[in-house]
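Read the structure below first, then the notes.
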Amino acid sequence: MCFTMAPLLIPHSNGLTIYVYAKEHLPPHIHVFYGDDEVLVEIRTGKVFAGFIPSKKMKVVEKWLKQESNRKLAEENFYELNPRLRPK
């Protein structure tokens, strides 16, 4: 499966990488990778709805998403890559 992606890197990455893919589904979410582990996290709520990463690393993601500028960047990236899902 081939996706267009735009990486969103967490400052002081701690081994984490965040991606937003094209051809996605709702709710708006990010894919977080840590080694071979992956978790899907809702952008607005920070809730995990699929996958797993260690809780210590998940706390870094939660802290990153709590910053409004990061949350807005992730959400805008999601809708830019998935314009058909943008609320009207």
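The values are calculated or read from the model by the stated rules, or taken from the named source; none is laboratory data. Because the structure is predicted, anything quoted here is derived from the model rather than measured. Glycine gets a Cβ as well: all are built from the backbone with ideal geometry, and neighbour counts include every protein chain shown.
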Query - region 31-72, residues that are surrounded by 15 or more Cβ atoms within 10 Å (Cβ to Cβ), of a type outside the set (D, E, K, R) and in a helix (DSSP H, G or I) - result: Met58, Val60, Val61, Trp64, Leu65, Asn70
Query raised in the report: Restricting attention to region 16-28, does a residue exist that is touching a Phe, Trp or Tyr at 6+ places or on another chain (Cβ under 8 Å), assigned to a helix (DSSP H, G or I) and at pLDDT below 95?
Result: no
Query raised in the report: For region 1-15, does any single residue satisfy the condition of being modelled with pLDDT of 90 or more, part of a loop (DSSP other than H, G, I, E, B) and under 13 Å from the mean Cα position of the chain (by Cα)?
Result: no
